1. Identify the single condition in (1) among the aliphatic types (A, V, I, L, M); (2) assigned to a helix (DSSP H, G or I); (3) in contact with a helix residue (DSSP H, G or I) (Cβ under 8 Å, 6 or more places away or on another chain) that A500 does not satisfy, given that it satisfies every other one.
2. Starting from region 136-152, take each residue that is under 12 Å from A116 (Cα atoms) and list its partners that are part of a loop (DSSP other than H, G, I, E, B), counting only C-beta distances under 6 angstrom and pairs at least six apart or across chains.
3. Which ones in region 244-281 are in contact (Cβ under 8 Å) with a residue 60 or more places away in the chain and surrounded by fewer than 14 Cβ atoms within 10 Å (Cβ to Cβ)?
4. Show the residue pairs that are 6+ apart or on different chains and have beta-carbon atoms under 7 Å apart, the first residue being within region 157-169 and aliphatic (A, V, I, L, M), the second being surrounded by fewer than 16 Cβ atoms within 10 Å (Cβ to Cβ).
5. Go through the residues of region 292-301 one by one and say whether even a single one is of a type outside the set (V, I, T), over 27 Å from E442 (Cβ atoms) and in contact with a Lys or Arg (Cβ under 8 Å, 6 or more places away or on another chain).
6. Where residues in region 14-65 are small (G, A, S), within 22 Å of the chain's Cα centre (by Cα) and more than 26 Å from S506 (Cα to Cα), which of them is modelled with the lowest pLDDT?
7. Kindly evaluate K317 against the criterion of being without any contact (Cβ under 8 Å) to a residue 24 or more places away in the chain and either assigned by TED's automatic domain parsing to the domain that holds R400 or in contact with a Pro (Cβ under 9 Å, 6 or more places away or on another chain) (or both).
8. Counting only residues that are surrounded by 20 or more Cβ atoms within 10 Å (Cβ to Cβ) and aliphatic (A, V, I, L, M), how many does region 210-238 have?
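The values are calculated or read from the model by the stated rules, or taken from the named source; none is laboratory data. Note that the structure is a prediction, hence the values are computed from the model and not measured. Here the Cβ positions follow ideal geometry from the backbone for every residue, glycine too, while neighbour counts run over all protein chains shown.
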Amino acid sequence: MRPSWRWMAAALTAVALGASACAGGGTAATGDGTFSVAVIEPDHLTPGRASGGLDIVEALFAPLTDLGDDGSLRYVQAESVTSQDNTTWTIKLRPGWTFHNGEPVTAHSYVDAWNATAYGPNGWANNGQLAGIAGYAELNTAQPATKELSGLKVVDDLTFTVTLSKPDSQFPYQLTPAMLGFYPLPKAAFTDPGAFDRAPVGDGPFKMEGKWETGGRITTTRYDAYQGEKPKSAGVTFVIYSDTATAYTDAQAGNVDVFMVPQDKYQQVRADFPDRVVTYDAVAIDFLGLPPQDRRFADIRVRQALSMAIDRDAINKAIFAGMYRPLDSLLPDTTIGGGTDSCGRYCTFDPAAAKQLLTEAGGFSGTLELWLPAGVGYEQTFEAIANQLRQNLGLQVAVRTQPDFAQFLAALDNHTITGPYRAHWGSLYPSAQNVLTSVFTETGVGYSASYYSNPEVSALIEQGNAATPEAAAAIYHQAEARIMRDFPVIPLFSDAYVYAYGPRVSGVKVGSAELDLTGITVS
């Protein structure tokens, strides 16, 4: 479904971002019905604070830029994003945009929101997304002397400048919807942050009705003054579920209209929802992380042997119904400049060579434990991997779970995971910069997925950031190749976003930021 991103580097120049327009009055609303979407309980609804709930935040707020169906960068609330040196960027806003309470969206709306997200003592989840802006370090000390980023300056009501600490030609991609730290906020967000988080006032296509109650529903209605593409429905109700299996069953019964399909339902979903399944080749990778404290994995040949003993094609067909793609690099072909085959023979199923490598490394002692969070639908995949490692390498393998994601992540942080573990990164924008920086640098927000960093890799990433967009991809390739020389993780699959929907709705489409809510119509 998703086109290759290889050609997209040409869409930017070092001088200006030439994005296509997608706002400025919008199209007329066309429908009066409402529909429902199954979601997992969000942690927050204030964009800078939220680490989940992307579909909800996107309904309530509008970004500066977005990605079109053809992969081109386009403007939403921004009129232009330009730079002469990839360090100082000027952002001009479109006039006429308002928050749901009628307050105009101005340069201050962005600068105030970004300052609040970047201010370390606030403890907002998306703080790290602002790390490239000058002055970020000063806001993230034990006792900051200031609350404002030195790199943000308001020029006039609709113009502000962003000065980065280092050149970064990829900055415009960081303004797309999944980067929640870059949304604006109205004044009400700062007068009572707790109340705002339960009933946020956004500037997006839908506005809140009532308050978010934990474990309940979040009701939104179309915002008729929205300046972007108007929704084709009168509203969306987000139904909160504690597990994906219940959402699937409810959708079969007609109790919810749209839902994200859990992995363990991929084989049957097309039969259960004929002609009502949509997929999107995501800029996302699944891989096995390896516990750095366990010396049994210190020899690179052990790690490579485990990789070669996994039949990715067989798992993809048997469990994912062919919807995923076996991964042969850290940069799938949905990434700008991806599809590098950097893993080479070590991601090719070859049990004989795998066994030989393991023997050369001195074998493996004890039980190999595979770890994952429970209740999210990953068990089938890990049982299949365990069976292949038993069969192909003669290992004793056990599958271990943590009760939920929170405890799984805590166990990673506490280094109590005792074997290869489920690791994943869904890039928040399609540049190789995102996965390389997030997962393979020590300050990256996804560092616990790999526990790998290397000064040479970090230097190459910075070099790529400073290069022109046309040259950046090749330098990021060098960084990826350097990582794979150490083989710190075991690549598995390039993901897809898979959604299904019931007979009441049509026009369901999935994109780089998951579900497109504005295009859904109700019959």
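1. Every condition holds for A500 apart from (2).
2. Pairs that qualify, where the first residue is under 12 Å from A116 (Cα atoms) and the partner is part of a loop (DSSP other than H, G, I, E, B), are L139/Y119; K147/Y119; L149/G135.
3. The one that is in contact (Cβ under 8 Å) with a residue 60 or more places away in the chain and surrounded by fewer than 14 Cβ atoms within 10 Å (Cβ to Cβ): G254.
4. L158/P95
5. Narrowing region 292-301 to residues of a type outside the set (V, I, T): 292-299, 301.
Subsequent filtering for residues that are over 27 Å from E442 (Cβ atoms) retains none.
No, that holds for no residue.
6. Just the residues of region 14-65 that are small (G, A, S), to begin with: 14, 16, 18-21, 23-26, 28-29, 31, 33, 36, 38, 48, 50-53, 59, 62.
Checking which are within 22 Å of the chain's Cα centre (by Cα) leaves us with 19, 38, 48, 50-53, 59, 62.
In the following step, the residues that additionally are more than 26 Å from S506 (Cα to Cα) were identified as 19, 48, 50-51.
On the way: A19: 48, G48: 96, A50: 92, S51: 83.
Among them, the one singled out is A19.
7. Working: without any contact (Cβ under 8 Å) to a residue 24 or more places away in the chain: yes; either assigned by TED's automatic domain parsing to the domain that holds R400 or in contact with a Pro (Cβ under 9 Å, 6 or more places away or on another chain) (or both): yes.
Yes; evaluated as a whole, the condition is true for this residue.
8. 2
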